[in-house]
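Enquirer: Supplied in structure tokens, the structure appears directly below.
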Amino acid sequence: MKLKINNETCIACKLCEMVCIRDNIQVIDKKAVEVDNGGLF
Ligand code: SF4
């Protein structure tokens, strides 16, 4: 599954990074980005 991240409105609060059960999102350079989730989806 591909995440839909709106970098226009992201404020880099890291809430999504903290709650993602697959560790599939990280905040890098003050923007949320999808990372490798190990092919689980
Ligand atoms: S860091 Fe995640 S939860 Fe926070 S604004 Fe950006 S996309 Fe939304």
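Bear in mind these aren't lab numbers, they're just calculated from the coordinates by the rules spelled out. Computed from a predicted model, the values in this text were never measured in an experiment. We place every Cβ from the backbone using ideal geometry, glycine too, and count neighbours over all the protein chains shown.
Enquirer: Near Lys4, which aspartates and glutamates are there with a Cα under 13 Å away, not counting those fewer than 8 places off in the same chain?
Expert: Glu34
Enquirer: Order 19-27, 6-14 from most to least packed using the mean count of other Cβ atoms within 10 Å.
Expert: Packing order, densest peptide first, comes out as 19-27, 6-14.
Enquirer: State, as an integer percentage, the relative contact order of the chain based on alpha-carbon contacts under 8 Å between residues 6 or more apart.
Expert: Taking the mean separation of contacting Cα pairs over the length of the chain, I get 36 percent.
Enquirer: Ratio of Rg to Rh for the chain, alpha carbon only, Kirkwood?
Expert: 0.94
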